[in-house]
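Trainee: Dropping the structure in here first, questions after.
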Amino acid sequence: MEPRILSSGEPGRWSPGLAAVLCAALGLIGCSFPAVAQTPLEIRFRAEVQGQPLACGKIYPGVGRARSAVTLKDFRFYVSGFRLVGADGSETPLALVPDGKWQSETTALLDFEDGSGPCRNGTPDMNDVVRAVAPAGKPFRGLRFSVGVPEAGNHADLTESAPPLDLVALFWSWNAGHKFIRLDIATKGLPQGAAFHIGSTGCALQSPGSSQPRPPCKSPNRPEIRLDPFDPASDLVVVDLASLLAGSDLEHNAPGSPVLCMSDPEDLDCAPIFHNLGLPFGQRPAWTQTFLRAERAAHKGP
Amino acid sequence: MTVFSGKSLRPAIFAAVVCLGFVFAPEGYAHRDKGAPLSARQIRNPLKSTPENLARGQELYLRLCAACHGADGTAKTEKARTLAEPPLDFTDTLIDYLSDGEIFWDASNGVAPVMPPAAKDVSETERFQIVLWIRELKRKAVDATFGLPPGFPRPKTPEDNPVTPAKVELGRHLFYDKRLSGNGTQSCASCHQQRLAFTDGRTLAVGSTGQTHPRQAMSLVNVAYSPVLTWANPNLRRLESQALVPLFGEHPVEMGLPTSEPRLVAQLSADPVYVRLFRAAFPLDSIDILHITMALASFERTIISGRSPYDRYRFQHQDDAISASAKRGEELFSSERLECFHCHGGFNFTGTVDYAGKSAPEIEFHNTGLYNLAGAISYPPGNTGLYEFTRDTADVGKFKAPTLRNIEVTAPYFHDGSARTLDDVITHYEKGGRRITSGPLAGNGADNPNRSEFIKPFHLSKQERADLIAFLLSLTDKSLLTDERFSDPWPQVAPPANTAANRP
């Protein structure tokens, strides 16, 4: 069985005839047809808590070390660096399709809050899909990407950053970079709210006019995701908050630290989530993440 | 390439909406019977505003169009004065009602009897390049009207009320005119004073009849970037609508205009200054409240502050524009220890922000732990913030984080003016909330169930506190406080001794 990257079953090349008809129908002048056969590709994500769809205002019992009842307040994260893995193990980078809202050429924002109820400070629109183009007709068996914003675009001022890197809510002050993951929740023990904000730390603050190359951040904190096998035509990337929060005590905060984890390598509240993200923490080296997994979508095809 | 995606019908739907839109275009702009026919609307400009297209468009424009319309598009040329009908001002509002196709058609065919078919001898591509340059002239004029500081994004403005210099000038006159209050004692500027960054220095605002407002006057600085207006209203999104609140509001009375509207319109209509300003700003024969609010909103949108020492440091890369202490303060402000940036992030130092080209408006309301009264409604009655609109107890005490720009001159602080100095504000956040030990407001704000999780106790050394304040003071834009563009345009005359002044 050869995985195919087409989601619709259409031939994986452009049909100039049909395109011309559509162009004429829309009254567009200057449509152009790409010479290289490329095919659109959608990578779909689903957020859940132990099989329950994630939604603002719902309460999810039994999460984390203290089996907490968790209310969602915000959940958004950036993904970038998409590659498809060929049968021979070679990697083909995917170009994302910029849409002025959810994706630039390199980075996409996944947004699982709709600004309602306890998610009030979020945005009404949601996004659970990454749109890319891939070379047509090539079989692939796996998917690679990073959770986070590439270093090259991570430290620019917000007003200089194209969507989706222009959100204040996902920015960590002027120089330190973006929050790669923003997860805000409330529990019985922390009713005013608790937050997990994951991003690069140990990034030198640089004066705006500095011509010096920026030194690398001490902890880049970009979880690397490897999904094998993965077939975009039939598979989803599933994000399970219960897996992400496994081992975290969601009822108490370590004294004198942010509530709960702002990626501080010395904040013990960060240890379990860093473990689940496969990120190094303290003396512990990087290992395999358990945050995201591939799942064959139900009710798909015969 | 998007033609193939599932969204391929969107352009068609959009085109259909546009088609419907121009059929119902404002009557004042539908009289161009001598210009492009309706079908010209459907001519699409196939070109994009690339530097190459704009450069070629500018070159052709200067050769073919500028003699009448002017190099800057304002049509203030020698030749224009000799014509029976004035040439179109490409920087004015009317151009927004013409499609690229109509401008293309007019340039190709002329508009009898005055305008010749100036571009008929150049190629279609070149004519579209001219159209792009004419659009660029409008953008340049709008940017000049805003006087955008370096690094600042272009504000979003309503499509039905684009900013023009004429509207701004009219709005400035209205803003400083006491005739806009019922008893002639207050103008907008009474509570929004330029020298105080458009605040009034009072704990709580006081209206024209002496009623005290439950909250203090907000700074108008950079209000063009705010997708929601006032302290906690999630529904008030247009400055045009917001202006009606102080003008006509009765609970409390602010400017107290409800019964004086005919008097106001009659007075303004009889004033030659307004006859001239209204005629320049709007294609109207009479003055009404709608257009008063449109002009006020246009003026307010130009009150942009971005020339503080911190801006010179941040956006113009002048490393010595702020002190080492202020730089340390910026680092503290941006730290997870203090968490200030969580609610006061971004170029306008508030999480509630929007501008042209932004992926989505961001709107946030936070409870900062000021109060924790007994019972579910834990904030003082009449001042419960977002709850007043949503009636959701989870929203009690939630207010919009104001911009911190010019915070040095906007004391006292918080929605109810309950902190006198910046030092008091820092102490409040240092404690993670305010404890009031006695009286009707007794309670520990830190324990308020809605208190933001980003507000938690910290301790600052004496030096750190000085650094943080140095950073906050680096946000003061002295030019804004004296800029003539925002100052009172009326001649300063001493009022007669025993009657209310007509003007400030």
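Trainee: The range B:34-110: which trypsin sites (Lys or Arg not before Pro) are DSSP loop and have at most 16 other beta-carbon atoms within 10 angstrom?
Mentor: Sparse-neighbourhood loop trypsin sites (Lys or Arg not before Pro): B:34, B:48, B:76.
Trainee: Further, regarding this structure: Measuring from label point to label point, each 7 Å out along Cα→Cβ, what is the residue B:97 to residue B:462 span in nm?
Mentor: With each label point 7 Å from Cα toward Cβ, the separation is 6.7 nm.
Trainee: So if we plug the beta-carbon distance of residue B:263 and residue B:484 into 1/(1 + (r/R0)^6) with R0 = 30 Å, what FRET efficiency do we get, rounded to 0.05?
Mentor: E(calc), rounded to 0.05, equals 0.45.
Trainee: In what sequence, highest mean first, do A:85-94, B:163-172 appear when ranked by Cβ atoms within 10 angstrom?
Mentor: Ranked from most to least packed, the peptides come out as B:163-172, A:85-94.
Trainee: May I ask you to derive the FRET efficiency for residue B:85 and residue B:323 from their Cβ-Cβ distance with R0 = 56 Å, giving the value to the nearest 0.05?
Mentor: Result of the calculation: an efficiency of 0.40.
Trainee: Ok, one more. Which part of the range B:223-259 falls in the paramagnetic zone of residue B:391, meaning amide N under 20 Å from the point 7 Å along Cα-to-beta-carbon?
Mentor: B:232-236, B:251
Trainee: In addition: Compute the convex hull volume of the Cα atoms of the range B:202-309, divide it by the residue count, and report the result per residue in Å³ as a whole number.
Mentor: About 145 Å³ per residue, rounded to a whole number.
Trainee: Once you treat every alpha carbon in the range B:246-405 as an equal point and sum by Debye, what is log10 I(q)/I(0) at q = 0.10, 0.18, 0.19 Å⁻¹?
Mentor: The computed values of log10 I(q)/I(0) come out as -0.67, -1.15, -1.19.
Trainee: Picking from A:51, A:199, A:256, which is most flexible by a Gaussian network model of chain A using Cα springs under 10 Å?
Mentor: Result: A:256 has the largest fluctuation of those listed.
Trainee: Enter the angle in degrees (range 0 to 90, nearest 10) between the Cα long axis of helix B:165-175 and the first principal axis of the Cα atoms of chain B, meaning the one along which they spread out most.
Mentor: Between the helix axis and the principal axis of chain B, the angle is about 40 degrees.
Trainee: Under a plain spin-label model, where a point goes 7 Å from the Cα along Cα-to-Cβ, how far apart in nm are residue A:58 and residue B:121?
Mentor: Simple spin-label model gives 7.1 nm for this pair.
Trainee: Pull out a ≥ b ≥ c, the square roots of the eigenvalues of the alpha-carbon gyration tensor of the range B:166-251, then state rounded if a/c is under 1.5, prolate if not and a/b is larger than b/c, and oblate in the remaining case.
Mentor: rounded
Trainee: How big is the Rg/Rh ratio for the range B:328-384, C-alpha atoms only, Rh by Kirkwood, two decimals? Can you show the working numbers first?
Mentor: Working: Rg = 15.3 Å, Rh = 13.8 Å.
When Rh is taken as the Kirkwood radius, the ratio is 1.11.
Trainee: Further, regarding this structure: Let me check I've understood the local charge: for residue B:321, count other residues with C-beta under 9 angstrom from its C-beta, Lys and Arg +1, Asp and Glu -1. What total comes out?
Mentor: On the way: positive: B:312, B:314; negative: B:311, B:319, B:320.
Result for the local shell: -1.
Trainee: Could you work out Rg/(2.2 N^0.38 Å) for chain A, with Rg from alpha carbons only?
Mentor: 1.07
Trainee: Now, a different point. Report the percentage of all Cα-Cα pairs in the protein assembly as shown whose separation exceeds 54 Å, rounded to a whole percent. The partial results should precede the final answer.
Mentor: Details: 56240 of 324415 pairs.
Result: 17 percent of Cα pairs exceed 54 Å.
Trainee: Report the net charge of residues surrounding residue A:85, where surrounding means a beta-carbon distance below 12 angstrom and charges are Lys +1, Arg +1, Asp -1, Glu -1.
Mentor: Counting the neighbours of residue A:85, the net charge comes to +1.
Trainee: Something else now. Per-residue accessible area for residue B:123 at 1.4 Å probe radius, Å² rounded to 10?
Mentor: The value for residue B:123 is about 50 Å².
Trainee: OK, next. When you count, for each residue, the other Cβ atoms within 10 Å and take the mean per peptide, how do A:135-142, B:263-270 rank with the highest first?
Mentor: A:135-142, B:263-270
Trainee: Taking beta carbons within 10 Å but only from partner chains, what does the mean come to for residues A:249-262?
Mentor: Mean number of neighbouring Cβ atoms from other chains: 2.
Trainee: While we're here: Give me the distance between the Cα centres of the range B:390-466 and the range B:69-102, rounded to whole Å.
Mentor: The range B:390-466 and the range B:69-102 have Cα centres spaced 53 Å from each other.
Trainee: Out of A:214, A:144, A:226, any idea which swings most in a Gaussian network model of chain A, alpha carbons joined below 10 Å?
Mentor: Looking only at A:214, A:144, A:226, the biggest GNM fluctuation is shown by A:214.
Trainee: Then there is this: Count, for each residue of B:333-345, the Cβ atoms from other chains sitting within 10 Å of its Cβ, then give me the mean as a whole number.
Mentor: Numbers: counts 2, 6, 3, 12, 5, 0, 5, 1, 6, 9, 3, 2, 9.
Mean partner-chain Cβ count within 10 Å for B:333-345: 5.
Trainee: To the nearest whole number, what is the average tally of beta carbon atoms from other chains within 10 Å of the beta carbons of peptide A:158-168?
Mentor: Mean partner shielding for this stretch: 6.
Trainee: What angle do you read, to the nearest 10 degrees and between 0 and 90, between the alpha-carbon axis of helix A:16-26 and the longest principal axis of chain A?
Mentor: 70 degrees
Trainee: Simple spin-label model, 7 Å along Cα-to-Cβ: residue A:160 to residue A:283 in nm?
Mentor: Going by the 7 Å Cα→Cβ label model, 4.1 nm.
Trainee: Not counting ligands, DNA or RNA, and with a 1.4 Å probe, what is residue B:255's accessible surface area in Å² rounded to the nearest 10?
Mentor: 10 Å²
Trainee: Short version: ³J(HN,Hα) in whole Hz for each residue of the range A:53-70, in order, from phi by Karplus 6.51 cos²θ - 1.76 cosθ + 1.60 (θ = phi - 60°), x for Gly and Pro, what are they?
Mentor: x, 7, 8, 4, x, 7, 10, 10, x, x, 9, x, 4, 8, 6, 6, 8, 10
The values are calculated or read from the model by the stated rules, or taken from the named source; none is laboratory data. Please read these numbers as outputs of a predicted model, since none were measured by experiment. Positions of Cβ are backbone-derived with ideal geometry, glycine not excepted, and every protein chain shown enters the neighbour counts. Just the protein is used for accessible areas: all its heavy atoms, side chains included, with ligands, DNA and RNA removed. Shrake-Rupley method; radii C 1.70, N 1.55, O 1.52, S 1.80 Å.
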